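The values are calculated or read from the model by the stated rules, or taken from the named source; none is laboratory data. Predicted model, so just to flag it, every value in this text is computed and none were measured. Note that each Cβ is placed from the backbone with ideal geometry, even for glycine, and that neighbours are counted across all protein chains shown.
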2 protein chains.
Amino acid sequence: MKTFNYTKLVAATAIIASTFSLPSIAADKVYRLKMAETWAANFPIFGDAPRNMARMAEAMSNGRLKITIDSSNKHKAALGIFDLVRSGQYDMGHSASYYWKGKVPNTLYFTTMPFGMTTPEQYGWFYHGGGMELMEKVYQPFGLLSFPGGNTGNQMGGWFQKEINSLADLKGLKMRIPGFAGEVLAKLGAKPTNIASGELYTALERRTIDALEWVGPSLDLRMGFHKIAPYYYTGWHEPSTELQFLVNERVWKKLPEDLREILRVSMKLASYDMYIQSYHESAKNWDTMKSEYPNVEVRTFPKEVLGAMREANQQLLNEKAVADPLAKEILDSQASYLEKVRVWTNISDRAYLDSLDVKLQ
Amino acid sequence: MKTFNYTKLVAATAIIASTFSLPSIAADKVYRLKMAETWAANFPIFGDAPRNMARMAEAMSNGRLKITIDSSNKHKAALGIFDLVRSGQYDMGHSASYYWKGKVPNTLYFTTMPFGMTTPEQYGWFYHGGGMELMEKVYQPFGLLSFPGGNTGNQMGGWFQKEINSLADLKGLKMRIPGFAGEVLAKLGAKPTNIASGELYTALERRTIDALEWVGPSLDLRMGFHKIAPYYYTGWHEPSTELQFLVNERVWKKLPEDLREILRVSMKLASYDMYIQSYHESAKNWDTMKSEYPNVEVRTFPKEVLGAMREANQQLLNEKAVADPLAKEILDSQASYLEKVRVWTNISDRAYLDSLDVKLQ
């Protein structure tokens, strides 16, 4: 496998662009890229990010870069985007890195981690704390480039039919919570299950499951869970869920320098934009939920439960670090970045929000 | 004055770009724009944002859009950017909207407001809550387009030689705190002063002033205030300081559609990027300050003081709303957006951060 350094290529783009003052590359060739997304057609917010990206890329290139997007209804491989792009069946993908943990375990760490970084903290890690370089190390052996693809912000802990007052309440709790967070809860005696999204409402209503997590108000409103579950728990397991753009390395290398920069910039801006869109939609939709169903109550898990979840999480991560040096390198990088950046979060935004609990005189 | 709608122009860009598949505009013409920035040469972070923007615009346009930046050392009008761009002496500017409040009072509201929105909240307001349209309403009569220009994140309340334990401690307090926040403190008996940045260190060291605010660790470290003042207060007056790109409307209209989109995207991405850069630099620099001067202590103003500041702030804003219908429209828009979005902040990021005050078992 050839080595590949995306950071250097970006720098080269800047140098080349400043050396030639006129277009040096055939300006009339149209590059048509095909992208596969994990999401079904018309899925809001998650589906808006790649479309926002493609629209910007086409407009900035004056039509020289055209990206068409196939939803999962078309390609029938919602959780197969990694292979679709690796094989070259698609040039690009839009998905989430943690979906590939069964195939490449170290992809787990580039979406969000339980008890991990918030969104500005995690972007700080990606762009200034070594995160991009570590993600490159994980994806490069597969001929793939991975970029941040849009953030949901802090995800809620989920909808519960009954309150969780102690660790005993977790024992046997049937909860739809897939992935690594499900493993954490399983260690505490819960029964994590996965259920197709179309069946979630009925399963929660008929108490086939006791609880479920989805995203947050931005996407939960349309699912209607607030109509059938009284408790909405605050988040712990996905504090900053970052989606992912995947690009086939051969495709990337074939693009002229200016279009490569257009693609890089469009992906990066679409990602930040999705974070702000998610923030806005969550604020708006939570207001709607509370207006329609004023009895819905927000709860935070008791300290005993959070402490046990956190310890279970740390044990699982320690096992991964022991088993794989690259996992250890990534986890150490995240932990040491988090340690410093959280101090800043606490004395800036958090202190500010806390200090506002004063009434006007 | 001709009416001008930037939102429609952006939409038109997308339509035109998708109608023609090949470049329809003379692709060999190089557009050279001159930008004046408020900052002195080599000013970190604030000065990085316009350079990051110009670099992206040049690379994406393959050299067809070249933006040169003059610092205040050159143009000698640090706080005259509004006029430099309005008159056409410069095509663009990089500054902050609240610097123009003496000239156009309603420009005050597009940087940050005491006790106002945090950074993701404020970006939500700009891009989804009507903020961009209101900013257009304020700047359009002057033939100017204004765009977000990079965010510092939450600014600290400043460096103090003595603790503030009550409202009485504010009486006669000599503090370098310019602008609207200074007006708020003046209502409570403090003596806000302005002092040239090069003289701040000596003034604080020799107790010519009792306190000062600058930015936050990102930019305070190089000023050295942590070496001479024991207390660093958490923020209240600038929770989300957004800088500003100004563009002369005639220049904007002369650009081909693709370069206009390249400019819009570059400005928007450089702004988000500066927010993340500031976040990172603050975390890193605060860690350095605490390592070098472990006795520096973080303080939050007592509730009595914060309550009085908040009331003074609200009184000043009420006066502005009564005096000017557009001021009222902007302030109402911000207040109603803040009311909804803060509920979301409180049950998402804030609840998450608060819930982490648990020790591992």
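Is it the case that some residue within the range A:293-301 is closer than 30 Å to A:Arg64 by Cβ and not aromatic (Phe, Trp, Tyr)? Outline the logic, then answer.
Filtering the range A:293-301 down to residues closer than 30 Å to A:Arg64 by Cβ leaves none.
Looking for residues that are closer than 30 Å to A:Arg64 by Cβ and not aromatic (Phe, Trp, Tyr), one finds none in the range A:293-301, hence no.
Can you give me the number of residues within the range B:188-210 that are surrounded by 15 or more Cβ atoms within 10 Å (Cβ to Cβ) and basic (Lys, Arg)?
Narrowing the range B:188-210 to residues surrounded by 15 or more Cβ atoms within 10 Å (Cβ to Cβ): B:188, B:190-193, B:195, B:200-201, B:203-205, B:209-210.
Restricting the remaining residues to those that are basic (Lys, Arg) gives B:191.
Going through the range B:188-210 one residue at a time, the tally reaches 1.
Just the residues that are part of a strand (DSSP E or B) and either within 26 Å of B:Ser282 (Cα to Cα) or at pLDDT below 95 (or both), please, taken from the range B:49-69.
Result: B:Ile69, single match.
Would you check which residues across the range A:227-241 are within 13 Å of another protein chain (Cβ to nearest Cβ) and either buried (at least 21 other Cβ atoms within 10 Å of the Cβ) or assigned to a loop (DSSP other than H, G, I, E, B) (or both) and list them? Reasoning before the result, please.
Step one: of the range A:227-241, the residues within 13 Å of another protein chain (Cβ to nearest Cβ) are A:231-241.
Listed by number, the residues that qualify are A:Tyr232, A:Tyr233, A:Thr234, A:Gly235, A:Trp236, A:His237, A:Glu238, A:Pro239, A:Ser240, A:Thr241.
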Cβ-Cβ below 7 Å, separation at least six or inter-chain, first residue in the range B:326-347 and in the same structural domain as B:Tyr127 (by TED's automatic domain parsing) and under 15 Å from A:Thr288 (Cα atoms), second among the hydroxyl-bearing types (Ser, Thr, Tyr) and crowded, with 19+ Cβ neighbours inside 10 Å: which pairs? none
For the list (1) assigned to a strand (DSSP E or B); (2) over 21 Å from A:Thr300 (Cα atoms), I need the number of the one condition that A:Thr202 fails. (1)
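Step by step: first the residues of the range B:242-259, then only those that are of a type outside the set (A, V, I, L, M, F, W, C) and more than 9 Å from every other protein chain (Cβ to nearest Cβ), then the one that is nearest to B:Met56 (Cα to Cα). Which residue is that? Please lay out each step first, then the result.
The initial filter retains those residues of the range B:242-259 that are of a type outside the set (A, V, I, L, M, F, W, C), namely B:242, B:244, B:248-250, B:253-254, B:256-258.
Add one more test, that the residue is more than 9 Å from every other protein chain (Cβ to nearest Cβ), and what stays is B:242, B:244, B:248-250, B:253-254.
On the way: B:Glu242: 20, B:Gln244: 17, B:Asn248: 20, B:Glu249: 21, B:Arg250: 22, B:Lys253: 20, B:Lys254: 20 Å.
So the residue we want is B:Gln244.
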Quick check on this structure: which one of A:Val305, A:Val322, A:Val298 is within 11 Å of chain B (Cβ to nearest Cβ) and in a helix (DSSP H, G or I)? A:Val305
Does the range A:114-128 contain any residue that is surrounded by 24 or more Cβ atoms within 10 Å (Cβ to Cβ) and closer than 26 Å to A:Tyr31 by Cβ? no
Return a yes/no flag: does the range B:162-181 have any residue that is closer than 21 Å to B:Ser240 by Cβ, surrounded by fewer than 24 Cβ atoms within 10 Å (Cβ to Cβ) and touching a residue at least 40 places away in the same chain (Cβ under 8 Å). yes
Quick one: B:Lys162 ticks every box in (1) part of a loop (DSSP other than H, G, I, E, B); (2) out of contact with any helix residue (DSSP H, G or I) (no Cβ under 6 Å at 6 or more places or on another chain); (3) in the same structural domain as B:Asp28 (by TED's automatic domain parsing) except a single one, so which number is it? (3)
Criterion: crowded, with 21+ Cβ neighbours inside 10 Å, assigned by TED's automatic domain parsing to the domain that holds A:Trp252, in contact with a Phe, Trp or Tyr (Cβ under 6 Å, 6 or more places away or on another chain) and assigned to a loop (DSSP other than H, G, I, E, B) - qualifying residue of A:Phe46, A:Phe82: A:Phe46
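So is A:Ser291 more than 9 Å from every other protein chain (Cβ to nearest Cβ), surrounded by 19 or more Cβ atoms within 10 Å (Cβ to Cβ) and part of a helix (DSSP H, G or I) or not? Steps first, please.
On the way: more than 9 Å from every other protein chain (Cβ to nearest Cβ): yes; surrounded by 19 or more Cβ atoms within 10 Å (Cβ to Cβ): no; part of a helix (DSSP H, G or I): yes.
No, not satisfied.
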Which members of the range B:169-180 meet the condition of being among the hydrophobic types (A, V, I, L, M, F, W, C) and either outside the structural domain of B:Trp214 (by TED's automatic domain parsing) or part of a strand (DSSP E or B) (or both)? B:Met175
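Quick one: would you say A:Glu183 is closer than 17 Å to A:Phe115 by Cβ and not in a loop (DSSP other than H, G, I, E, B)? Write out each step before concluding.
Working: closer than 17 Å to A:Phe115 by Cβ: yes; not in a loop (DSSP other than H, G, I, E, B): yes.
Judged against the criteria, A:Glu183 is a match.
In this structure, does A:Ser278 turn out to be more than 8 Å from every other protein chain (Cβ to nearest Cβ), more than 30 Å from B:Gly63 (Cα to Cα), in contact (Cβ under 8 Å) with a residue 12 or more places away in the chain and small (Gly, Ala, Ser)? Steps first, answer last, please.
Details: more than 8 Å from every other protein chain (Cβ to nearest Cβ): yes; more than 30 Å from B:Gly63 (Cα to Cα): yes; in contact (Cβ under 8 Å) with a residue 12 or more places away in the chain: yes; small (Gly, Ala, Ser): yes.
For A:Ser278, the condition - more than 8 Å from every other protein chain (Cβ to nearest Cβ), more than 30 Å from B:Gly63 (Cα to Cα), in contact (Cβ under 8 Å) with a residue 12 or more places away in the chain and small (Gly, Ala, Ser) - is met.
What about A:Glu213, is it acidic (Asp, Glu) and surrounded by fewer than 18 Cβ atoms within 10 Å (Cβ to Cβ)? Reasoning before the result, please.
Numbers: acidic (Asp, Glu): yes; surrounded by fewer than 18 Cβ atoms within 10 Å (Cβ to Cβ): no.
So A:Glu213 does not fit the description; no.
Quick check, is A:Leu204 free of Cβ contacts under 8 Å to residues at least 60 places away in the same chain, closer than 19 Å to A:Ala78 by Cβ and assigned by TED's automatic domain parsing to the domain that holds A:Ala308? Show your work before the answer.
On the way: free of Cβ contacts under 8 Å to residues at least 60 places away in the same chain: yes; closer than 19 Å to A:Ala78 by Cβ: no; assigned by TED's automatic domain parsing to the domain that holds A:Ala308: yes.
Here the answer is no, as A:Leu204 does not meet what is asked.
So, in the range A:85-137, how many residues would count as being within 14 Å of chain B (Cβ to nearest Cβ) and assigned to a helix (DSSP H, G or I)?
The initial filter retains those residues of the range A:85-137 that are within 14 Å of chain B (Cβ to nearest Cβ), namely A:112-132.
If we keep only those that are assigned to a helix (DSSP H, G or I) too, we end up with A:119-128, A:131-132.
Adding up the residues that qualify gives 12.
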The residue from A:Ser87, A:Ser97, A:Ser72 that alone is at pLDDT 95 or above and over 19 Å from the mean Cα position of the chain (by Cα) is A:Ser87
Identify, please: which residue in the range A:52-79 is free of Cβ contacts under 8 Å to residues at least 60 places away in the same chain and within 11 Å of another protein chain (Cβ to nearest Cβ) and is, among those, surrounded by the most Cβ atoms within 10 Å (Cβ to Cβ)? A:Ala59
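Does B:Met113 qualify as being free of Cβ contacts under 8 Å to residues at least 60 places away in the same chain and either out of contact with any Gly (no Cβ under 7 Å at 6 or more places or on another chain) or not assigned by TED's automatic domain parsing to the domain that holds B:Leu33 (or both)? Talk me through it step by step, then tell me what you get.
Numbers: free of Cβ contacts under 8 Å to residues at least 60 places away in the same chain: no; either out of contact with any Gly (no Cβ under 7 Å at 6 or more places or on another chain) or not assigned by TED's automatic domain parsing to the domain that holds B:Leu33 (or both): yes.
So B:Met113 fails the test.
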